[in-house]
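Working notes for the structure below.
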Amino acid sequence: MTTTNTPHAAPLTPALHADGHVLAEVRGRIGVITLNRPGALNALSLNMVRDLTTTLLHWHDEDQVMAVVVLGAGREGKAPAFCAGGDIRFFHQAALAGDPRLEDFFTEEYALNHLIHHYPKPYIALMDGVCMGGGMGISQGAALRVATEHSKLAMPETHIGLFPDVGGGWFLSRCPGHMGEYLALTGHVLDADNAVHQGMADLRVTAADLPAMLAELCATPWDDEDTLLDAVQAWAQPVGADGLAEHQPEIDAVFSLPDLASILQALEARPGTWARQTLAALQKRSPLMMAVTLEQVRRARQMSLAEDLRMERDLVRHCFQLRPGTASETVEGIRALVIDKDHQPRWNPSHAEDVSPEMVQAFFASPWPEHVHPLRELD
């Protein structure tokens, strides 16, 4: 973590093993965090999770810091990215090597997600460009989630044999109707307008205005949080139509069905482009992990965020340990997408009809007694 202090700014204690992938500085009354790993679309490493946590905990009690803004470093001449997710290459390597840092990553990432949701000061996420997976985890708990015309928001984990974690069960299950199941299973990408309508963003700001907006925030001697948040809202542009609204009746009809096999059968029977494209997307994903994801979202509707994160911690442990090594659906999914890049994952089982309730329920049995759960202290 690289830190810079303006005159009289609160000093920061650098995290151990800092690698410059998180930049933190206090500008006026604003703590500014820049994810600085643009070559990897600002994907989160374990060190970055630790640096983010260290920074937020330090600023928690600093009177000078009234609010926090988090953004992603850009790449000259290339499309922007806020944060593309977690470092899935690391997941693959660590899983095969038995690296204990894999366990640390998810425990600490989910604790960071919880911290952001409950942060006592306004936390403002500038979700310019790609914001997926882990990027959603560090933005969905923000007081203001700012999208732009470049924003691409999604929880695409089923594409790699995982499930929408980082609190995904909690925030997706709170989308209108059964949109949460649809977004969780398909990984459908939302633009800024759709994100606002679906409750994944609070406002849309023109990307070119973000530097001026940030400069204004940092230059103003704020003494009231509400006034500061109103100043951000003043940059908002009109939100366009909800591109998913026309499909809401179909989504509710199909994705409210009791199980994955029923959902796929309903899509096969429905006419039209939407059903055909949705079915094609689901047929590429792990049947087992889609069934787990469906159960996750539905359980999460009745949970607090802390309960959901504990459930997701159980799930992610099972993703790598219930079937260890190359037998893991997640390891296989990552292999096919980014290691061998053959895009031919060998899912097991390969058909939804062969996924039994017992296979799914095994993922929801916690591997830890309640009193030693790694996220037991979340409330």
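Laboratory data are not the source of any read-out in this text; all were calculated from the coordinates shown. Just so you know, these numbers come straight off a predicted model, no measurement behind them. Cβ sites come from the backbone with ideal geometry, for glycine too, and all protein chains shown count toward neighbours.
Residue 356 versus (1) touching a Cys at 6+ places or on another chain (Cβ under 7 Å); (2) loosely packed, with under 13 Cβ neighbours inside 10 Å; (3) small (Gly, Ala, Ser): which is the lone unmet condition? The single condition residue 356 does not satisfy is (1). Counted as qualifying within the range 73-152 are the helices (runs of 4 or more DSSP H) with 1 or more residues that are surrounded by fewer than 18 Cβ atoms within 10 Å (Cβ to Cβ), namely 88-97, 101-117.
For the range 199-212, enumerate the residues that are surrounded by 21 or more Cβ atoms within 10 Å (Cβ to Cβ) and under 23 Å from residue 252 (Cβ atoms). Correct list: 200, 201.
Per-residue answers, yes or no, for (1) among the polar types (S, T, N, Q); (2) outside any loop (DSSP other than H, G, I, E, B):
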site	(1), (2)
53	yes, yes
58	no, yes
62	no, no
71	no, yes
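From the list 279, 288, the lone residue that is part of a helix (DSSP H, G or I), buried (at least 23 other Cβ atoms within 10 Å of the Cβ) and hydrophobic (A, V, I, L, M, F, W, C) is 288. The set of residues from the range 177-194 being part of a helix (DSSP H, G or I) and more than 13 Å from residue 241 (Cβ to Cβ) comprises 179, 180, 181, 182, 183, 184, 185, 186. Scanning the range 359-379 for residues that are part of a loop (DSSP other than H, G, I, E, B) and loosely packed, with under 11 Cβ neighbours inside 10 Å yields 365, 369, 377, 379.
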